[in-house]
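Only one structure is covered here, and it is reproduced in the block below.
Bear in mind that the values in this text are calculations on the coordinates, not laboratory data. Given the structure is predicted, the values throughout are model-derived calculations rather than measurements. Every residue, glycine as well, gets a Cβ built from its backbone with ideal geometry; the counts of neighbours run over all protein chains shown.
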Amino acid sequence: MAGTESTRRRVLVAAAVCLLVAGLRAAEIIRVTPLAKNGRIFVSFEMRDAFNDDIRAVIQSGLTTTFSYDIDLRRSATLWFDKTMSSATVSASVRYDTLTRRYQLSRMQDGRVEESRVTEDAEMVRQAMTTFEQLPLFSTTPLEPNAEYYVRVRARTRPRNAWFFWPWDRDAASGVARFTFIP
C-alpha cells in the first residue's frame, strides 16, 4: 500500500509540474510592447509560434480563420481586483480561395474594417494574422502620472474547434507588459 501511495503522489506531482510548465508556456505566447506618446497608448504585439501545421491546414482548406485579440489597459490594485481602464478588440481573418490560390486578408479594430487585401504570399498571411505594430488603441487622458499600468493581450481563434492550437483554455494564449505612465 505504501508503494502505491508513493507512486500516486509522484504521478500527481509530475502532472502538476507538466500543467504548470504548459501554462507558463501558453502565457508567454504573445509578446506585448506598449508606448505612451502624443496623448495615446500605442500597442504592438506579436503572437509567436501561432502558425503550426494544423492552422495552415485549416486555412488551406478554404475555411475562414480568425485570430481575435482582446486588449486591456489595466491598473493593478492591491486590495481588490485590477481596474480595467479601457479595452479594445483587434482581429485578423483569412480565407483561402482554392480556385485562384489567393488569400483574402482583413483586419478589424472594434468592429471596423481597418484593412483588406488579397495576396498569394503565405508568409504575408502569417505576418498579418500574428503581428500588429503601434496600434493607437487607448487615450492617456484617464491615466495618473507616475502610476504603473499594464497592457494585457488575450488571443482566441475561430473556428472554435481549434483545440489543436490552444489545448488549455480559450484565453490561455496571452501576454502582458507593464509600464509607468510618464506624461
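Of note:
- Residue-span extension gain [Arg117 to Asp97] - 0.36 nm each, minus C-alpha spacing: 5.9 nm
- A Förster distance of 22 Å, applied to the separation of the beta-carbon atoms of Arg31 and Leu79, puts the FRET efficiency at 0.10.
- Length-normalised contact order for the range 60-150 - Cα pairs under 8 Å, 6+ apart - percent: 26
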